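What follows is calculated from the coordinates using simple rules that are stated; it is not laboratory data. Model, not experiment: these values are computed from the prediction. Here Cβ is always computed from backbone atoms with ideal geometry, including for glycine, and neighbour counts include all displayed protein chains.
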Amino acid sequence: MGKKQRLLLIFLGILDCLVLGGLAGAIAFTPQIQAFLVGEVTPTAPLVPTSTPTLVRPATWTPTTPPTPAPTHTPRPTSTPAPTHTPFPTFTMIPTQEPTPEPVLLENAEFEDVAPDHVPGWEVAAVVNWQPGQVFDPGSSYARPEFKHADDSRRLIRGRTLQIQTFQWVKFQVTLYQTATVPAGSTVQFQIYTNGYSDEGGIQVRAGIDRNGAPACQNGAWSEQIVINAASGIVQLSSPRVVAGEDGVVTVCFYAEPQYAAIHNAAFFDIAELIVTPPE
């Protein structure tokens, strides 16, 4: 056998020893390698213990601390408004309510009852200085007045209407009146509607009131005397306003007299009212 062959065999033998030694080492260390890969490497006890083994506690789980929330924004304090000034209270003067005028019922105020020589509920004051057969003066002779309901529809005021007349060619002069009780100190006024007819001129009429209840308003307050005829239509007469006396009795009156002694003269009246305003 040649020298090269012997060298080759020696080399191969050394190579085999190396391979076999590597295989043996791999086999010997395989368990440690596997334990290391799975995390369970058991340390090899030293040949000579150097200290007392330390007890290894199993790992404990530490909970994760939750994140701290962001702090809440504190709003800026709002400014307190200044107190509103309360104005000083004002006092409203309430006007005193004026007393309400009210009509007072008069007796036979619409002349439903009429007799030839008188009117129920009313007193008659007439100038009578002439009767048939006596000396007659057209300017100053007055006959007894006659009363009736108007029979001419053109002369009606409202429903039945009082008609005053006398003999043809003779005048009449008459005042009708009645008293009424009212609160003392009241303001009173008398009103009545009228109409007239005359063949010549007209009828003189007026309305009056006496604050002390005197007969026929002798000392009373009278409206302005006016003259009416068929062309005047229906006219309302109103006495002055007066204050009732301490006794609370007043007299209301209306008056009629033709201007001239004509063939036909007649005065018409209706709806007499006493208006009373109580004292304040």
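Quick rundown of the values:
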| quantity | calculated |
| --- | --- |
| For region 265-280, Karplus couplings with θ = phi - 60° (6.51, -1.76, 1.60), whole Hz, Gly/Pro x | 9, 8, 10, 10, 9, 6, 6, 8, 9, 10, 9, 10, 10, x, x, 6 |
| For region 102-277: rounded, prolate or oblate by the Cα gyration tensor [a/c cutoff 1.5] | prolate |
| Relative exposure of Trp130, Trp122, Trp169, judged by other C-beta atoms within 10 Å (fewest first) | Trp169, Trp130, Trp122 |
| Gyration tensor over alpha-carbon atoms, region 143-235, equivalent ellipsoid semi-axes in Å | 27, 15, 13 |
| Order of Lys4, Lys148, Lys171 under a 10 Å beta carbon neighbour criterion, fewest first | Lys4, Lys148, Lys171 |
| Ranking of Val188, Val243 by count of other Cβ atoms within 10 Å, fewest first | Val243, Val188 |
| Cα shape, region 168-219, gyration tensor, a/c 1.5 rule | prolate |
